[in-house]
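Enquirer: Sharing a structure below in structure tokens format, with a few things to ask.
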Amino acid sequence: MNRIDQRFSELKQQGRKALIPYITAGDPAPHYTVGFMHALVEAGADIIELGVPFSDPMADGPVIQKACERALKQGTRLVDLLDMVAEFRQADTKTPVVLMGYLNPIERIGYEVFADKAATAGVDGVLVVDMPPEEADEFGPLLKVRNLAAIFLVAPTTSPARAATICAHGEGYLYYVSLKGVTGAATLNAAEVAQRLEPLREMTDLPLCVGFGIRDGVSAAEVAKVADGVIVGSALVNRIAENTETPEIIAGQLKSVLAEMRTAMDA
Amino acid sequence: MTVSATGTHDSAPDTRFGELTRMPDARGHYGPYGGRFVSETLSYALEDLEQTYLSLRDDPAFQAEFDRDLAHYVGRPSPLYHAERWSRTLGGAQIWLKREDLNHTGAHKVNNTIGQALLAKKTGKPRVIAETGAGQHGVATATVAARLGLECDVYMGAEDVQRQKLNVYRMRLLGARVIPVESGTRTLKDAMNEALRDWVTNVDNTFYIIGTVAGPHPYPQLVRDFNAVVGREARQQSLEQIGRLPDALVACVGGGSNAIGLFYPFIEDDAVAMYGVEAGGDGIETGRHAAPLASNAPRGVLHGNRTYLMSDEAGQVSDTHSISAGLDYPGVGPEHSLWKDVGRVKYVAANDKEVLEAFRELTQMEGIMPALESAHALAHAKVLATTMQPDQHIVVNLSGRGDKDIMTVAKIDGIEF
């Protein structure tokens, strides 16, 4: 069983919802990332989404764009991320790690080579923002045979027919994008999200996790009531951005943001 | 389609490239290229656009409206002009210029914006957005938006805003908002990123008018189809004015919309050679260029399609360089990538220095000032002409006029206004 499936089955038994933080790897510099990942786990992360920095992050708002720029300035490459995951695995064999990013860095390495390296490093899932299931016929199966989950997005604009296709191809969990826009853009409407998730429940047994627009304990708790997981990115990356001059305090800040959400969700 | 040697299928031209007329496939792929690599929020809008386009493409009323606008608003057909004096001086083949520079707004770009604006009108969306490099597509979009009373926002790299101040002001006069993009390399690719971010946020009320044959399916297809009027006219005009098809076609390639417009209607005419001229910048060997095809860049995915894409070993998109803002783009339309692979079109590059020489030559010998983008095509046509005979003919797409580039050239000449 994949670590992601394992984790959701444990959470279900405990009656808890998944808290899934996102950080961009290599921000503010590569040697901090593994420490941040451990800090996130200590503060209550169930799964970690590790962002692959890209020169042209088309689906991201200014917060994550700048995170990508900082990471790239430090020379962070996809192969470095795989090393980070391998290092993380030396101390943590339980927490699932999902790589999230854009297709081109993976294209450049080659699908099969990447899939091999990711599996060896201890990655559990891959979410490629600009690769819908229709374009994943080649890549998807290469992930599957290595027990890596191909995670897909569902958006407020997704038609029922498309949602069915996505549910049929998706593994690990479905990432429901709560609003039309880029990352870090606005605050979501939990009631509307609840309404959108309902038909998806009919289509799939995959856990439904919600991202975009979750910034504090209150919004995390609201979403946790209706979804199986809460994904938080820009709210964390903001703390990194604010403290690039004093990186030693970032891990503590990430922990406090996440711990507040954990407490609110579990209350 | 391959016809038998006896030539009984006289309606079909003898061609090795019939397959190319059946592109893209149902999913927007051109062989291994193209596709729809976008985040999920945009998938619905693209499916919708595809349906709208496919239903209107064969609708005679829609075609008639498009043709009417091209005739009476754009001023088509554009002339095919024999650059006799320049040809004589070069001493080789005869060079003919397809005068897209004479279109309303000064470039081929308006063919496509007219078409997409008609689509926008059909969808009832009150707002259009566009990305622009040199500003020609932005101007063409602002123009059709003004005519149809649509709100218009144009994204333009901050560096290009500096390079093309005149066009920026033109867009503002037309009532558009020009939004400088400060992210990344502050050029065309970043403008396209920002336009996509806008679209993903405002997809309900906004139509995205993409300016080139790149982007996610169906954009490469519909931009090609709207620009193909250039090649249809040029083909007809060649038959009338030269008495036969030309021996070669030459066009500049950034994203590749003017080249595809000229080439596509000739794609099955095997005897017509085709040359796409990319921006060589400081020279391919320096790495400072914008020529993904001519430099054999690796395959990659950017802005919704797979294509030849300049990127580093880690898959980060490379900085590009060109004297012309309109060609300063690391990728290229996916159909061009396929045409390169099958050998239908030869892709070459002209560097900044050669381009400036061609710009000056045409201005001084024919009294026609080309856009710096189009001067790339002229630079290669010069080289090509001298390898050919005076009874041979080259058609060059003079895709835009050079007024917008006067400041750039003046700066190179050390002149300040």
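The values are calculated or read from the model by the stated rules, or taken from the named source; none is laboratory data. Everything numeric in this text was worked out from a predicted model, so none of it was measured. Positions of Cβ are backbone-derived with ideal geometry, glycine not excepted, and every protein chain shown enters the neighbour counts.
Enquirer: Output the residue which, of all residues in segment B:371-398 that are of a type in the set (Gly, Ala, Ser) and assigned to a helix (DSSP H, G or I), is nearest to the chain's Cα centre (by Cα).
Expert: B:374
Enquirer: Regarding segment B:191-211, can at least one residue be identified that is more than 13 Å from chain A (Cβ to nearest Cβ), surrounded by 24 or more Cβ atoms within 10 Å (Cβ to Cβ), assigned to a helix (DSSP H, G or I) and in contact (Cβ under 8 Å) with a residue 40 or more places away in the chain?
Expert: For segment B:191-211, residues more than 13 Å from chain A (Cβ to nearest Cβ), surrounded by 24 or more Cβ atoms within 10 Å (Cβ to Cβ), assigned to a helix (DSSP H, G or I) and in contact (Cβ under 8 Å) with a residue 40 or more places away in the chain: absent.
Condition check ((1) farther than 30 Å from residue B:413 by Cα; (2) without any contact (Cβ under 8 Å) to a residue 12 or more places away in the chain; (3) within 12 Å of chain A (Cβ to nearest Cβ); (4) charged (D, E, K, R)) across all residues:
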{"site": "B:293", "(1), (2), (3), (4)": "yes, no, no, no"}
{"site": "B:298", "(1), (2), (3), (4)": "yes, no, yes, no"}
{"site": "B:306", "(1), (2), (3), (4)": "yes, no, yes, yes"}
{"site": "B:309", "(1), (2), (3), (4)": "yes, no, yes, no"}
{"site": "B:319", "(1), (2), (3), (4)": "no, no, yes, yes"}
{"site": "B:322", "(1), (2), (3), (4)": "no, no, no, no"}
{"site": "B:326", "(1), (2), (3), (4)": "no, no, no, no"}
{"site": "B:330", "(1), (2), (3), (4)": "no, no, yes, no"}
{"site": "B:334", "(1), (2), (3), (4)": "yes, no, no, no"}
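Enquirer: Count, please, the residues in segment B:85-139 that happen to be surrounded by 20 or more Cβ atoms within 10 Å (Cβ to Cβ), among the hydroxyl-bearing types (Ser, Thr, Tyr) and over 20 Å from residue B:275 (Cα atoms).
Expert: 3
Enquirer: Here is a further query. Hey, among A:67, A:59, A:71, which residue is crowded, with 23+ Cβ neighbours inside 10 Å and assigned to a loop (DSSP other than H, G, I, E, B)?
Expert: A:59
Enquirer: Could you say which residue among B:177, B:172 is of a type in the set (D, E, K, R) and in contact with an Asp or Glu (Cβ under 7 Å, 6 or more places away or on another chain)?
Expert: B:177
Enquirer: Name the residues in segment B:161-183 that are in contact (Cβ under 8 Å) with a residue 24 or more places away in the chain, over 22 Å from residue B:115 (Cα atoms) and in a loop (DSSP other than H, G, I, E, B), would you?
Expert: B:164, B:182
Enquirer: For segment B:272-291, state whether one or more residues are surrounded by fewer than 18 Cβ atoms within 10 Å (Cβ to Cβ), among the polar types (S, T, N, Q) and away from every other protein chain (no Cβ under 14 Å).
Expert: yes
Enquirer: Any idea which residue in segment A:11-36 is nearest to residue A:100 (Cα to Cα), counting only those that are touching a helix residue (DSSP H, G or I) at 6+ places or on another chain (Cβ under 9 Å), part of a strand (DSSP E or B) and not hydroxyl-bearing (Ser, Thr, Tyr)?
Expert: In this case the residue turns out to be A:23.
Enquirer: Would you be able to say whether some residue in segment A:61-81 is under 23 Å from residue A:120 (Cβ atoms) and basic (Lys, Arg)?
Expert: Scanning segment A:61-81, I find at least one residue that is under 23 Å from residue A:120 (Cβ atoms) and basic (Lys, Arg), so the answer is yes.
Enquirer: Residue check, residue B:356 against (1) more than 19 Å from the chain's Cα centre (by Cα); (2) within 14 Å of another protein chain (Cβ to nearest Cβ), all met but one. Which one?
Expert: That leaves (2) as the condition not met.
Enquirer: Specify the residue that is farthest from the other protein chains (Cβ to nearest Cβ); the eligible residues are those in segment A:145-183 that are part of a loop (DSSP other than H, G, I, E, B), among the β-branched types (Val, Ile, Thr) and under 18 Å from residue B:42 (Cα atoms).
Expert: Restricting to residues being part of a loop (DSSP other than H, G, I, E, B), among the β-branched types (Val, Ile, Thr) and under 18 Å from residue B:42 (Cα atoms), the top hit is A:151.
Enquirer: Another question, if that's okay. So how many residues does segment B:28-47 have that are crowded, with 19+ Cβ neighbours inside 10 Å, outside any helix (DSSP H, G or I) and within 24 Å of the chain's Cα centre (by Cα)?
Expert: 9
Enquirer: If you don't mind, another one. Here are some residues: B:158, B:130, B:134, B:214. Which one is touching a residue at least 12 places away in the same chain (Cβ under 8 Å), closer than 25 Å to residue B:51 by Cα, away from chain A (no Cβ under 14 Å) and among the small types (Gly, Ala, Ser)?
Expert: B:130
Enquirer: I'm checking my understanding of the structure. Among residues of segment A:37-56 that are part of a helix (DSSP H, G or I) and surrounded by fewer than 24 Cβ atoms within 10 Å (Cβ to Cβ), which one is nearest to the chain's Cα centre (by Cα)?
Expert: Only one residue fits best here, namely A:41.
Enquirer: Next question. Within segment A:96-131, count every residue that is surrounded by fewer than 24 Cβ atoms within 10 Å (Cβ to Cβ), touching a helix residue (DSSP H, G or I) at 6+ places or on another chain (Cβ under 7 Å) and farther than 14 Å from residue A:52 by Cα.
Expert: Number satisfying all stated conditions: 6.
Enquirer: Of all residues in segment B:336-353, which are under 23 Å from residue B:288 (Cα atoms) and in contact (Cβ under 8 Å) with a residue 40 or more places away in the chain?
Expert: Result: B:336, B:337, B:340, B:346, B:347, B:348, B:349, B:350, B:351, B:352.
Enquirer: Got a sec? Which of B:372, B:398 is out of contact with any strand residue (DSSP E or B) (no Cβ under 7 Å at 6 or more places or on another chain), hydrophobic (A, V, I, L, M, F, W, C) and surrounded by 19 or more Cβ atoms within 10 Å (Cβ to Cβ)?
Expert: One residue alone meets the criteria, B:372.
Enquirer: Can you pull out the residues in segment B:175-190 that are surrounded by fewer than 24 Cβ atoms within 10 Å (Cβ to Cβ), small (Gly, Ala, Ser) and modelled with pLDDT of 95 or more?
Expert: Of everything in segment B:175-190, just one residue is surrounded by fewer than 24 Cβ atoms within 10 Å (Cβ to Cβ), small (Gly, Ala, Ser) and modelled with pLDDT of 95 or more, namely B:175.
Enquirer: Could you check how many residues of segment B:48-84 are closer than 30 Å to residue B:362 by Cβ and loosely packed, with under 12 Cβ neighbours inside 10 Å?
Expert: The qualifying residues number 2.
Enquirer: Then there's this: Can you name the condition, by its number, that residue B:122 falls short on among (1) over 27 Å from residue B:181 (Cα atoms); (2) touching a strand residue (DSSP E or B) at 6+ places or on another chain (Cβ under 8 Å); (3) at pLDDT below 95?
Expert: For residue B:122, the exception is condition (2).
Enquirer: Within segment A:85-109, how many residues are within 14 Å of another protein chain (Cβ to nearest Cβ) and either at positive phi or not in a helix (DSSP H, G or I) (or both)?
Expert: So the answer is 4.
Enquirer: Could you say which residue among A:138, A:112, A:107 is touching a strand residue (DSSP E or B) at 6+ places or on another chain (Cβ under 6 Å) and either among the basic types (Lys, Arg) or modelled with pLDDT of 95 or more (or both)?
Expert: Unique residue meeting the criteria: A:107.
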